[in-house]
Amino acid sequence: MITKEHIDDLLNRKGNIVSTDGDKIGSVGQVYADDESGQPSWVTAKTGLFGSSESFVPLEGARVEGDDVVVPYTKDQVKDAPRVDTDGHLEPAEEERLYQHYQLGGGGRTYTDATSGHNAGTAGVAGTGRHDEHGTVGHDTSGPTTDDAMTRSEERLNVGTEKQEAARVRLRKYVTTENVTKTVPVQREEVRLEREPITEANRGDAMSGPDLSDEEHEVILHEERPVVDKETVPVERVRLDKDVVTDEVTVDEEVRKERIETDGVDGTRR
């Protein structure tokens, strides 16, 4: 059981809120104490980007383990809890909605005040606000009672980068067919008829045979024809490499900031 003696440790250790199965729900934000008993009733779990969202978690059935608070609820239960402003106190209607969500018996309460790390030692009952020398009592996000100053906060946009897989590129080769035309010179033999007159020089050859006879002379003609042969030869090597290029991406996001107005000072509002 978590009592008001644990509040200082819960806020100063800056631990986490985890479920019974060890799943981290969020970091410890504020502790809300019951206005009648002063016992801690609720704790806020900071979730979302940079802890920008806070969800209320009942401390009923919770226990402290080291710097963490172990609660008997799942991360989804806390995530789906009703959205309630962490403005320093819980109204009865807001608390009743939370009790219904977590299926707990409630009712009979006025409201529950928040305790923060700035005044954890004064975790007390609601309605017992601390007055300063000017008689000022105020509530802000730092605790149930403040001095005569109000803290103004604003969100800052922190933008970083993360590396993720964008695409995959592969090398693949396949075989295609194309026609190649080449002109090759070829030679062939043709018959040419030559006649020579009878002279003293060839008369003996001309008269060496019979006077009249039947004869045949045969000449073999030759020609060249194209011969095609193919061979595979390497022509180039191809590989994949990566270059890093830098682009500029514009991030457009809304941020919230608090503004403080004065009413009744010199009859003007600022």
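Every number in this text was worked out from the coordinates using simple rules, so none of it is lab data. Just so it is clear, the structure is predicted and the values come from calculations on it, not from any experiment. Please note: Cβ atoms are built from the backbone with ideal geometry, for glycine as well, and neighbour counts cover all protein chains shown.
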**Prompt:** Between THR3 and LEU104, what FRET efficiency follows from the Cβ-Cβ distance if R0 is 22 Å, with the result rounded to 0.05?
**Reply:** 0.75
**Message:** Using a 7 Å offset from the Cα along the Cα-to-Cβ direction at both GLU254 and LEU171, what is the distance between the two label points in nm, to one decimal?
**Reply:** 5.1 nm
**Asked** Could you give the nm distance between label points at VAL180 and LEU221, where each point is 7 Å from its Cα heading toward the beta carbon?
**Response** 3.3 nm
**Asked** Which of the lysines could be linked to LYS182 by a straight reach, that is with a Cα gap under 19 Å, when you skip same-chain ones fewer than 8 residues away?
**Response** LYS230
**Prompt:** Which whole-Hz ³J(HN,Hα) couplings does segment 69-75 yield from phi under the Karplus relation 6.51 cos²θ - 1.76 cosθ + 1.60, θ = phi - 60°, glycine and proline marked x?
**Reply:** 10, 9, 10, x, 9, 8, 4
**Request:** List the lysines whose Cα lies under 21 Å from the Cα of LYS24, skipping any in the same chain that are fewer than 8 positions away.
**Result:** LYS14, LYS46, LYS75, LYS79
